[in-house]
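Every number in this text was worked out from the coordinates using simple rules, so none of it is lab data. Just so it is clear, the model here is predicted, and its values are computed rather than measured. Every residue, glycine among them, receives a Cβ derived from its backbone with ideal geometry; neighbour counts consider all protein chains shown.
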Amino acid sequence: MSAPGHPAAVAAVALVVLATVLVGGFGLRISRTTSDFYVASRTVRPRLNAAAISGEYLSAASFLGIAGLVLVHGPDMLWYPVGYTAGYLVLLVFVAAPLRRSGAYTLPDFAEGRLESRQVRRLVSVFVVGAGWVYLVPQLQGAGLTLKTLTGAPGWLGDVLVASVVVVAVAAGGMRSVTFVQVFQYWLKLTALLVPAIFLVLAWQGDGRPRVTFDEQITVFRADHPLYATYGLIVATFLGTMGLPHVVVRFYTSPNGRDARRTTVAVLALVGLFYLLPPVYGALGRLYAPELMHGGDADADAAVLLLPARVIGGLGGDLLGALLAGGAFAAFLSTASGLTMAVAGVITQDVLPSRGVRHFRLATVLAIAVPLAGSLLVSRVPVADAVGMAFAVSASSFCPLLVLGIWWRRLTPPGAIAGLLLGGGSALLSVAITVSGAVRPPGWPHALLAWPAVWSVPVGFLAMVLVSLATPGRIPPGTNAAMTRFHLPEALTSGRGR
């Protein structure tokens with residue numbers, strides 16, 4: 001892979017980093033209270049919140065990974081953007097407004113408030129941190145790939161750079177800073193993909209519109225049991241969105257449940273608009289960078305970055321490549337900021353001895369240090385697959401907890417613990433085994449572990465339901481009050497929004 005446009009790419013990355021620090025600094029100026037740091041004092045309006053959620057949700061998997069998977073495996077990989085977007089529809093229908101009405105700061109807060117159990121809270125905290133770390137590793141590795149591809153810098157430099165900027169942005173101003181950073185970065189990412197795509201399509205038309213074909217079959221692990229892998233992807237992405245820690249925490253920033261629903265509708269539009277673009281890069285990559293097909297999914301992730309130099313070349317190609325480099329870094333920074341914010345909030349409340357802002361800043365360093373070490377030590381997994389694994393863990397643990405906790409009165413603490421351990425625990429173990437390479441393709445063992453959501457989500461739901469039915473005496477005494485708070489408008493339950 002060549003490294004086009006070194007000076008322009010370096011300048012673009014530097015500008016994005018500088019802008020992120022400056023925008024985060026603006027958030028610091030208006031962060032005054034603990035509530036500002038955790039949930040921006042619950043005052044983020046739907047349009048701003050939707051852009052912020054979209055900014056943190058559109059990660060390395062969206063910016064680089066989808067195009068790479070379409071390049072290698074063809075249109076079947078469009079299930080990724082469909083699933084990523086449809087997950088918000090499930091979130092809108094089942095979770096968004098009740099979750100905001102719960103009045104919690106974090107998922108562990110919700111779990112303890114609903115089930116009145118410190119044991120459940122501690123277990124949820126473990127899964128929030130685990131899922132957040134699994135999701136953070138590909139963001140950091142994607143940054144390393146971007147910087148290496150476009151500048152020839154050592155692969156570890158991008159990992160360290162993103163981690164450092166995230167610590168500064170999150171620790172400085174908390175949720176206030178992160179909100180403004182993510183809004184800025186959503187529009188930057190959309191622009192960074194849209195403008196080069198226009199020029200690439202014009203160049204393709206100028207070449208006589210050569211036909212893009214996906215006839216060549218790439219023999220890689222994904223071809224082994226493809227139908228099962230597709231269903232695993234669908235289940236994970238449809239149900240995993242509602243439990244992603246960095247997504248859930250943003251709904252706590254809405255003023256009320258109605259605004260939480262309006263935010264989700266706006267997110268569907270913004271995310272859907274963005275996902276029209278990566279498949280264009282994947283299809284053009286088949287024509288102009290076909291050698292990436294044979295390097296595997298990890299090499300194909302670089303297709304977005306390389307296409308302007310291949311198709312357009314010259315100064316124009318360098319400038320467009322630099323714009324894409326800046327957009328890619330915005331993707332890593334925004335998602336990593338949201339994840340670090342969510343994980344740091346849990347560490348502050350459930351691990352460190354004090355809940356003050358000073359300990360939140362210490363937690364921010366802890367939240368990014370472990371995935372940074374993992375990104376440097378673990379061999380790189382294709383970013384879309386790595387993120388899909390995080391979705392599988394979320395779908396298997398938090399989805400049953402949220403859906404049953406919000407809609408089923410008979411859920412008990414023992415039931416929640418059983419579901420988290422059997423569903424989420426088995427998914428987390430499967431991800432660990434897959435990443436370690438202990439079980440390699442081809443074969444059913446690898447397929448079942450690489451895409452566990454098909455079986456781990458039903459296991460999580462069944463365990464919660466069956467154990468709860470077996471322990472009816474453990475239904476929390478405050479269940480009726482909690483269910484009333486979740487499902488009635490704030491004006492009816494408290495006379496004002498919480």
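Structure notes:
- Extending 7 Å from Cα along the Cβ direction at LEU462 and again at LEU421 yields two label points whose distance is 1.8 nm.
- Distance between modelled label sites at LEU376 and ARG118, nm, 7 Å Cα→Cβ extension: 3.7
- Seen through its C-alpha gyration tensor, with square-root eigenvalues sorted a ≥ b ≥ c, segment 42-181 comes out prolate because a/c lies at 1.5 or above while a/b is bigger than b/c.
- Here the peptides 86-92, 313-319 are ranked by packing, the mean other Cβ count within 10 Å, and the order with the highest first is 86-92, 313-319.
- Rounded to whole numbers, the Karplus 3J(HN,Hα) couplings from phi for segment 468-481 are 5, 5, 7, 10, x, x, 9, 4, x, x, x, 4, 4, 5 Hz, using 6.51 cos²θ - 1.76 cosθ + 1.60 with θ = phi - 60°, and x at Gly and Pro.
- Restriction of the trypsin sites (Lys or Arg not before Pro) in segment 93-202 to DSSP coil positions whose beta-carbon has at most 10 other beta-carbons within 10 angstrom yields no sites.
- Amide hydrogen neighbours beyond the local backbone of SER59, cut-off 5 Å, H modeled: none
- Label positions at THR471 and VAL351, each projected 7 Å from the Cα along the C-beta direction, are separated by 2.6 nm.
- Gain on full extension, evaluated as 0.36 nm per residue between LEU22 and VAL93 minus their Cα-Cα distance, stands at 21.9 nm.
- 3J(HN,Hα) couplings calculated from phi for segment 115-121 with the Karplus curve 6.51 cos²θ - 1.76 cosθ + 1.60 (θ = phi - 60°) are, in sequence order, 9, 6, 9, 5, 5, 5, 4 Hz; Gly and Pro show x.
- Protection proxy ranking of 227-239, 196-208 - average other beta-carbon atoms within 10 Å, highest first: 227-239, 196-208
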